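Single-structure report; data block below.
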Amino acid sequence: MEGVYGSSTWPSCNVEVEGKVFNDAVHGAITLPPLCVRIIDTPQFQRLSVCHLAGQLVRAIQSRQPELKITNEDVLSVEVAGLCHDLGHGPFSHLWEEFVKKSPREKEWSHEEASKMMFEYLVNVNNLNEELENYGIDIQNIKKLMCGIGSKQRQEEKAFLYEIVANKRTGVDVDKWDYFLRDGHNLGIKVNFDYNRLVKFSRAIKVDGEWQICVRDKECNNLYNMFHARERLHRTAYQHRVVKVIDSMLIDAFLYADEHIKYRGKDGTQYALRNVCNDMSAYTNLVDNVFHRILLAEGEHPDIRKAKEILENVLKRKLYVYVGQTQHTEKISEDKLMDAILNSIPTGSSLKKNDLGLQVVKFDYGLGKENPVEYTRFYSKNFPNDARAMREEEISSMLPQRFQERRFRLIYKSYQEKEFNDAEKAFKDACQKLNMQEPSVDSWPSHLPHMMHHHTSGSVALNGIGV
């Protein structure tokens with residue numbers, strides 16, 4: 001996204017203006033308010049935002065329902081929340097969160113909590129407190145707007161505003177609209193839902209004592225199209241087996257490099273990778289170039305050598321080898337299946353636990369096994385202030401009957417054909433012992449030489465990974 005003056009960065013906004021126009025690859029020419037431009041100009045702001053769509057939706061409701069008394073301060077607050085809701089993402093987005101969860105940390109962490117911390121840090125370190133006060137913006141309210149609220153707070157006045165950026169009740173929010181459209185555009189995948197109609201036909205209605213954003217009944221199929229777009233993007237891209245293999249390699253590299261790549265915090269403390277998110281000063285500098293920091297790291301410690309080897313293999317497209325997959329079942333946990341696989345390794349095989357990785361992938365509409373549309377309330381043309389759930393027979397006889405599919409995938413992390421064959425056999429035997437569906441398996445990849453050892457030469461670019 002770039003400004004109308006052709007600059008790749010935005011000049012500081014030191015004077016009060018109506019807003020600045022930017023050219024966005026998905027939404028075209030969009031205008032952002034001066035306060036948002038001030039936030040964008042800070043070093044802490046490093047991620048794309050949904051400021052534009054958040055503003056569109058809240059302004060549409062403000063215009064249609066003046067009785068709600070949505071103020072200009074409310075509108076700006078929602079726009080700032082949309083701008084800042086992803087501040088807490090680390091490098092490689094959700095992959096970093098998965099790495100942190102697998103690393104030995106003392107406390108739980110999520111990018112939502114990090115977003116709140118980073119927003120507060122951004123305001124303080126860039127001296128924006130007074131400016132926010134002048135606009136009538138409350139920091140604590142912004143944090144709730146960024147991440148949504150739980151059911152206990154939904155009786156608050158204007159609680160519907162907390163469903164615009166992050167809707168914890170239904171998952172219908174502008175964050176998803178934007179990244180579905182943006183990722184579909186970048187991947188060449190047609191996304192067949194019309195967010196403009198959802199903006200046009202959304203209203204705030206009090207339902208059973210809770211204020212919530214409701215949608216016109218005739219837009220129900222449009223909502224199903226939205227959730228289908230989510231499932232398709234996960235199946236085609238986010239959860240594609242090549243993407244997930246590379247994810248596993250990056251996570252392994254970060255785990256090996258964890259104690260050897262440090263980032264300095266505000267008091268001079270050096271933080272290991274897993275703990276950089278504890279200090280927002282250090283976290284500001286944790287960007288995607290951590291990949292190359294590891295590649296260029298000095299020292300001969302075995303862990304850093306292993307991390308570098310993994311990343312070099314990613315660049316050479318010498319990836320972990322996909323063994324196969326089977327359907328997930330509620331009765332069998334990831335640990336139980338892995339134990340069964342290890343116990344099924346043929347006698348005399350050199351295959352070890354560290355050579356294998358078991359992934360759980362899922363395709364759904366955002367609420368696990370549940371249908372999120374069932375939590376959405378709809379109004380009709382003749383009764384715009386009365387909202388209700390819609391019965392399946394009112395919508396279509398062709399609706400999905402299940403809303404989640406989960407799979408176990410086994411990957412092999414080394415490059416010996418004999419061990420790969422042993423892993424394949426162990427996977428089949430384990431599934432049979434556990435009365436699971438027989439896995440579909442792959443043969444030894446044709447691009448890998450038979451009985452290949454660990455070292456190869458040559459490299460290719462990381463971008464353009466085929467999926």
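The values are calculated or read from the model by the stated rules, or taken from the named source; none is laboratory data. Nothing here was measured: the structure is a model prediction, and the numbers come from that model. Heads up, the Cβs are rebuilt from the backbone with ideal geometry, glycines too, and the neighbour counts pull from every protein chain shown. Side chains included, ligands, DNA and RNA excluded: accessible areas come from the protein's heavy atoms. Shrake-Rupley method; radii C 1.70, N 1.55, O 1.52, S 1.80 Å.
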- Message: If I go through the stretch 41-56 residue by residue, how many of them are of a type outside the set (S, T, N, Q) and surrounded by fewer than 18 Cβ atoms within 10 Å (Cβ to Cβ)?
- Response: 4
- Message: Anything in the stretch 422-440 that is open to solvent by less than 50 Å² (accessible area, probe 1.4 Å), touching a strand residue (DSSP E or B) at 6+ places or on another chain (Cβ under 6 Å) and either assigned to a loop (DSSP other than H, G, I, E, B) or aliphatic (A, V, I, L, M) (or both)? List them, or say none.
- Response: Ala423, Met436, Pro439
- Checked the stretch 371-384 for anything open to solvent by 90 Å² or more (accessible area, probe 1.4 Å) and modelled with pLDDT under 95; matches are Glu374
- Query: Out of (1) closer than 21 Å to Val245 by Cβ; (2) open to solvent by 40 Å² or more (accessible area, probe 1.4 Å), the odd one out for Gln401 is which?
  - Reply: (1)
- Message: Can you confirm whether Ala159 is within 20 Å of Val207 (Cβ to Cβ) and open to solvent by less than 10 Å² (accessible area, probe 1.4 Å)?
- Response: yes
- Please work out which residue is surrounded by the fewest Cβ atoms within 10 Å (Cβ to Cβ), limiting yourself to the stretch 324-360 and to residues that are at pLDDT below 95 and within 18 Å of Glu438 (Cβ to Cβ). Lys331
- Message: Within the stretch 96-113, does at least one residue satisfy the condition of being touching an Asp or Glu at 6+ places or on another chain (Cβ under 8 Å), within 19 Å of Leu76 (Cβ to Cβ) and not acidic (Asp, Glu)?
- Response: no
- Query: Does His228 fit the bill of being in a helix (DSSP H, G or I) and out of contact with any Cys (no Cβ under 6 Å at 6 or more places or on another chain)?
  - Reply: yes
- Regarding Leu250, is this residue over 20 Å from Phe45 (Cα atoms) and surrounded by 16 or more Cβ atoms within 10 Å (Cβ to Cβ)? yes
- Test result for Glu419, over 30 Å from Gln212 (Cβ atoms), buried (at least 20 other Cβ atoms within 10 Å of the Cβ), of a type outside the set (A, V, I, L, M) and touching a residue at least 60 places away in the same chain (Cβ under 8 Å): yes
- Could you identify the single residue in Glu330, Glu374 that is out of contact with any Cys (no Cβ under 9 Å at 6 or more places or on another chain), in a loop (DSSP other than H, G, I, E, B), among the acidic types (Asp, Glu) and farther than 24 Å from Glu417 by Cα? Glu330
